[in-house]
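In what follows, a structure is listed as structure tokens, so that the remarks can point back to it.
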Amino acid sequence: MLEHLIAGFVTVISPTNLLFCFFGVTMGTIIGVLPGVGPVAGTAMLVPFTFGMNPTTAIIMLAGIYYGSMYGGSTTSILVNLPGESASVMTCLDGYQMGQKGRAGAALGISAIGSFIAGTLSVIGLMLLAPPLADFAIRFGPPEYFALMTLGMTLVISLVGESMVKGLIAGAFGIFLGTIGMDPTTGIERFSYGIPTLLDGLSFVSVSVGLFAISEVLEMAERSSQPPAYIDKISNLLPNWEDWKRSIFPILRGSAIGFFACAMPGAGATVASMLAYATEKKLSKHPEKFGTGIIEGVAAPESANNAATGGAMIPLLVLGVPGSGTAAVMMGALLIHGMRPGPLLFEKHPDFFWAVTASMYIGNVMLLILNLPLVGIWARMLKIPHTLLIPLILAISSVGVFTVNNNLVEVWIMLFFGIVGYFMKKFRFPAAPVVLALILTPLMENALQQSLQMSHQSISIFFTRPISLALLIVAMVSLLSPFARFLWAKAKSF
Amino acid sequence: MRKGLITACVVLIGLSLYGIIESSRLERTMQMGVGIAFFPLSMSLAIGVLSVILLLGVLKGKIKVKDEPICEKGGALRVVTVVAILLGYIILIEGIGYVPSTLLFFFATIFFLGKGRIAKTLLTSGAFTFFLYTIFRLWLKSPLPTGFLGI
């Protein structure tokens with residue numbers, strides 16, 4: 001393992017990879033700082049930038065955006081009570097209160113240091129857990145893959161958003177969109193109506209940029225006001241001894257919760273940070289002080305959302321099943337670059353995995369340097385007027401989507417899904433299941449067809465193989481648990 | 001918001017019907033596997049059934065919907081205008097090329113949203129157009145639409 005990791009570091013320290021790792025974490029921090037532009041939108045928007053790169057450099061950059069945004073998200077939560085992205089919501093509760101008490105520096109400091117520790121620990125976890133899991137998953141055949149992808153989708157649907165019905169509609173809509181184009185087995189056209197662009201299916205870049213970036217910009221355009229900028233000077237970034245004593249265990253617990261929560265598809269960084277905050281409150285001798293500006297309330301969720309990024313790499317890289325919207329965008333980017341995530345990735349391209357892992361160590365160090373001394377610069381980014389940000393994001397998205405295939409139809413598709421995404425946001429339909437399903441449907445359909453060929457058209461193949469059966473049972477439980485809880489609550493009320 | 005969600009459900013039911021009709025035209029039984037209509041047909045049915053459940057939940061008041069307007073006052077006009085400007089940009093970019101269309105797009109959007117001075121807006125638009133040109137054309141070497149003007 002050590003020699004693989006050293007080889008990974010050797011790959012990363014090439015000037016190009018270091019430059020794009022730095023670019024990724026810097027862009028991630030900016031995306032995290034700017035309210036309204038989340039990591040999914042930011043990653044989707046910057047996918048077209050990676051087309052001239054080799055796959056390793058591309059994923060190093062995209063992963064940098066992902067974990068960089070988690071660092072940046074805390075800045076606005078602490079300074080102006082506005083989460084830069086959803087995973088930083090919990091940080092607002094105590095972080096902003098600390099800022100109000102004149103301790104913004106300490107909150108930002110512990111947030112950056114906690115994020116660094118959690119990020120590093122999660123990379124170690126990824127390094128230790130991924131290879132044995134890949135060895136196990138290599139035995140998976142088409143039925144297991146079909147069951148695994150079904151499980152991935154049901155977990156995302158059941159955990160993302162507030163309503164299971166809306167999540168299911170979004171997932172079904174995504175699967176339907178995923179069937180547009182040529183059928184992978186027969187080559188017969190479906191819903192493409194002779195439009196050449198649609199023959200290869202809907203471009204995931206157009207759909208994800210539309211659903212995430214354009215819709216967010218439209219929401220930004222709708223608001224007449226802009227969040228206030230932080231004007232006070234930020235000082236005393238290094239936590240004192242008392243802060244350290246109170247934060248170290250929340251950081252370690254938050255790291256473990258974030259990593260393991262996201263190692264399963266479905267629970268994203270937001271869920272992880274909520275779990276970590278709730279755990280600390282439960283373990284605390286003074287739970288009533290949570291929400292009044294105590295450092296544990298910043299350390300735990302910030303550590304959890306950063307550890308979550310390492311955990312999220314496990315289902316994505318090892319199993320080929322993205323567990324969140326950002327991971328789905330990264331999987332789409334990998335597929336465009338000709339890399340199929342999954343256990344075979346380890347066998348065929350171990351250099352790729354280890355280079356990405358090594359880049360996360362380096363990226364975390366870069367982020368610590370970027371986020372501690374330069375926090376004032378990030379805080380000032382809030383002064384960028386939306387009147388400039390909106391056209392800039394729209395133009396980058398449009399030109400970026402155009403350059404993927406030099407095709408204007410894809411920009412039209414982006415605009416269409418931008419409007420769809422805007423209304424989905426308004427009516428609280430989650431967008432992540434749509435993109436996840438769009439990417440997974442062709443693979444699922446293929447796995448289903450292959451499984452049925454193996455079993456001479458009998459669906460019993462899914463229930464006679466233990467792994468496939470177990471995965472399908474968990475998928476079923478994840479789908480039915482909210483209904484079961486509802487029935488249980490009703491039964492108890494009688 | 002309630003009316004909006006009801007409209008969304010109706011649109012989804014319409015989408016489901018479209019999916020069912022179109023999927024039914026696809027060959028359903030193939031020699032191998034489940035056939036190319038399986039996924040689109042089953043998903044169209046699922047969208048339809050779930051949308052009806054959602055619609056009934058909203059109508060019967062079992063699903064609580066906040067009694068607030070879909071967007072803030074004046075917000076709809078801003079969104080529609082931004083979409084219209086973007087639409088114009090996509091139409092123009094192929095005809096007149098990247099540079100003039102992007103310059104126009106930036107100018108129109110910044111001027112509309114910011115209501116700033118013309119000279120300042122023009123200068124910012126030029127800088128942004130050049131910035132994107134540098135990234136996409138000069139750095140990433142991506143071909144950009146040139147239009148009849150050749151730029």
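The values are calculated or read from the model by the stated rules, or taken from the named source; none is laboratory data. Model, not experiment: these values are computed from the prediction. All Cβ positions, even for glycine, are placed from backbone atoms using ideal geometry, and neighbour counts span all protein chains on display.
In the set (1) in contact (Cβ under 8 Å) with a residue 40 or more places away in the chain; (2) facing chain A (nearest Cβ under 10 Å); (3) of a type outside the set (S, T, N, Q), B:PRO69 fails one condition alone, (2). Residue count for the range A:66-93 under the criterion of being closer than 28 Å to A:VAL47 by Cα and either touching a residue at least 24 places away in the same chain (Cβ under 8 Å) or touching an Asp or Glu at 6+ places or on another chain (Cβ under 7 Å) (or both): the result is 19. Here is a check on your reading of the model: is A:LEU415 within 9 Å of chain B (Cβ to nearest Cβ) and closer than 28 Å to B:ALA127 by Cβ? Yes: the conditions hold for A:LEU415.
Only one of B:GLY61, B:GLY35 is more than 19 Å from B:ALA8 (Cα to Cα) and at pLDDT below 90; which?
Criteria check complete, one pass: B:GLY35.
Considering the range B:95-119, the residues that are within 11 Å of chain A (Cβ to nearest Cβ) and of a type outside the set (A, V, I, L, M, F, W, C) include one that is farthest from the chain's Cα centre (by Cα), namely B:GLY116.
Residue-by-condition table, conditions (1) more than 25 Å from A:ALA221 (Cα to Cα); (2) aromatic (Phe, Trp, Tyr); (3) over 16 Å from the mean Cα position of the chain (by Cα):
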{"site": "A:LEU5", "(1), (2), (3)": "yes, no, yes"}
{"site": "A:PHE9", "(1), (2), (3)": "yes, yes, yes"}
{"site": "A:ASN54", "(1), (2), (3)": "yes, no, yes"}
{"site": "A:TYR66", "(1), (2), (3)": "no, yes, no"}
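Of all residues in the range B:1-28, those satisfying the criterion of being within 10 Å of another protein chain (Cβ to nearest Cβ), buried (at least 17 other Cβ atoms within 10 Å of the Cβ) and more than 13 Å from A:PHE176 (Cβ to Cβ) are B:LEU5, B:ALA8, B:CYS9. If the condition is being of a type in the set (Gly, Ala, Ser) and facing chain B (nearest Cβ under 8 Å), then the range A:207-228 contributes A:ALA221, A:SER224.
All conditions but one from (1) modelled with pLDDT under 85; (2) within 22 Å of A:GLY258 (Cα to Cα); (3) surrounded by 24 or more Cβ atoms within 10 Å (Cβ to Cβ) apply to A:LEU79; the one that does not is (2). Restricting attention to the range A:100-153, report how many residues are more than 18 Å from A:GLY297 (Cα to Cα), surrounded by fewer than 20 Cβ atoms within 10 Å (Cβ to Cβ) and polar (S, T, N, Q). The qualifying residues number 1. Residue pairs whose Cβ atoms lie under 8 Å apart, sitting 6 or more positions apart in sequence or on different chains, and linking a residue in the range A:25-50 that is surrounded by fewer than 24 Cβ atoms within 10 Å (Cβ to Cβ) to a partner that is of a type in the set (Phe, Trp, Tyr), are A:ILE30/A:TRP378. Hey, could you check the range B:72-92 for residues that are among the β-branched types (Val, Ile, Thr) and more than 7 Å from chain A (Cβ to nearest Cβ) and say which is nearest to A:THR403 (Cα to Cα)? In this case the residue turns out to be B:ILE91.
Here is a yes/no grid of residues against (1) among the β-branched types (Val, Ile, Thr); (2) more than 9 Å from chain B (Cβ to nearest Cβ); (3) in contact (Cβ under 8 Å) with a residue 12 or more places away in the chain; (4) outside any helix (DSSP H, G or I):
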{"position": "A:PRO391", "(1), (2), (3), (4)": "no, no, no, no"}
{"position": "A:PHE423", "(1), (2), (3), (4)": "no, no, no, no"}
{"position": "A:PHE429", "(1), (2), (3), (4)": "no, no, yes, yes"}
{"position": "A:VAL434", "(1), (2), (3), (4)": "yes, yes, yes, no"}
{"position": "A:LEU438", "(1), (2), (3), (4)": "no, yes, yes, no"}
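Checking each residue in the range B:73-94 for being buried (at least 17 other Cβ atoms within 10 Å of the Cβ) and either of a type in the set (A, V, I, L, M) or touching a residue at least 24 places away in the same chain (Cβ under 8 Å) (or both) picks out B:ARG78, B:VAL79, B:VAL82, B:VAL83, B:ILE85, B:LEU86, B:ILE90, B:LEU92, B:ILE93. Within the range A:199-222, the only residue that satisfies the criterion of being farther than 16 Å from A:ALA333 by Cα and in contact with a strand residue (DSSP E or B) (Cβ under 6 Å, 6 or more places away or on another chain) is A:LEU199.
What helices (runs of 4 or more DSSP H) completely inside the range A:94-197 contain at least 3 residues that are in contact (Cβ under 8 Å) with a residue 60 or more places away in the chain and over 30 Å from B:LEU41 (Cα atoms)? Show your work before the answer.
On the way: elements: A:104-137, A:142-159, A:164-178.
So the answer is A:104-137.
The single condition among (1) surrounded by fewer than 19 Cβ atoms within 10 Å (Cβ to Cβ); (2) under 25 Å from the mean Cα position of the chain (by Cα); (3) within 12 Å of chain B (Cβ to nearest Cβ) that A:LEU168 does not satisfy is (1).
Out of curiosity, is A:LYS245 part of a loop (DSSP other than H, G, I, E, B) and over 30 Å from A:PRO391 (Cα atoms)?
Taking the combined requirement at face value, the residue does not satisfy it.
Suppose the filter is assigned to a helix (DSSP H, G or I), over 22 Å from the mean Cα position of the chain (by Cα), within 12 Å of chain A (Cβ to nearest Cβ) and at negative phi; does B:THR129 pass it? So B:THR129 fits the description; yes. Please tell me if A:GLU445 is charged (D, E, K, R), in a helix (DSSP H, G or I) and farther than 28 Å from B:PHE112 by Cα. So A:GLU445 fits the description; yes.
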